[in-house]
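Worksheet for the structure shown next.
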Amino acid sequence: MTERHLHGDPPTADEIAAARADIDAAVALAGHSVPFERAASFVGLAGTVTTVAAMALDLAAYDPVVLHGSLISFEDVSRVTTALLGMTRAERAALPFMHPGRVDIIGGGAMVLESAMRAAGATQVVVSETDILDGIVYSLVAD
């Protein structure tokens, strides 16, 4: 989404609207295959989710112990998304929890998280520092 739409520093309202339309269309398409309405919880992982969570929690530094298992409301995800999209690249880079490789793409990533939560009707996201590979290993060992 960043490469396709979010070119301004910060992105313009028109760029954000175009990205949002693309993201919402892709999430709606995914909804044809994934039964969002049956989800008992919404779990998010990887750099975008943990960075959005770090900002929502106003962390002074990236802290995986604090982040793992934290619950971030949809309202906080929306607030952080809006804030990130309103920042310049330099302002995002100066955030104490921001990984340098995420500075350019965090706005678009946050928009994807927000759209997916909205489509799922999720009121909060459970933040995970682990991913599906950890779950696969656990399931193999637990049997």
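The values are calculated or read from the model by the stated rules, or taken from the named source; none is laboratory data. As the structure is a prediction and not an experimental result, all values here were calculated from the model. When we count neighbours, we look across all protein chains shown, and the Cβ atoms used for this are built from the backbone with ideal geometry, even at glycine.
Of all residue pairs spaced 6 or more apart or on separate chains, those with beta-carbon atoms under 7 Å, a first member in segment 2-17 that is touching a residue at least 24 places away in the same chain (Cβ under 8 Å) and within 14 Å of residue 84 (Cα to Cα) and a second member that is part of a loop (DSSP other than H, G, I, E, B) and among the hydrophobic types (A, V, I, L, M, F, W, C) are 2/105; 10/87.
Between a first residue in segment 64-87 that is assigned to a helix (DSSP H, G or I) and a second residue that is surrounded by fewer than 19 Cβ atoms within 10 Å (Cβ to Cβ) and among the aliphatic types (A, V, I, L, M), which pairs have beta carbons less than 7 Å apart while being 6 or more apart in sequence or on different chains? Every condition considered, the pairs that remain are 66/57; 66/59. Counting only residues that are surrounded by fewer than 11 Cβ atoms within 10 Å (Cβ to Cβ) and either polar (S, T, N, Q) or at pLDDT 95 or above (or both), segment 1-24 holds 3 of them. Taking (1) over 23 Å from residue 122 (Cα atoms); (2) at pLDDT below 95; (3) not β-branched (Val, Ile, Thr) in turn, residue 60 satisfies each apart from (2). Within the option set 101, 86, being at pLDDT below 95, more than 20 Å from residue 116 (Cβ to Cβ) and either loosely packed, with under 14 Cβ neighbours inside 10 Å or acidic (Asp, Glu) (or both) holds for one residue only, 101.
Within segment 31-40, if we keep just the residues that are closer than 13 Å to residue 117 by Cβ and of a type outside the set (Phe, Trp, Tyr), the residue that is surrounded by the fewest Cβ atoms within 10 Å (Cβ to Cβ) turns out to be 39.
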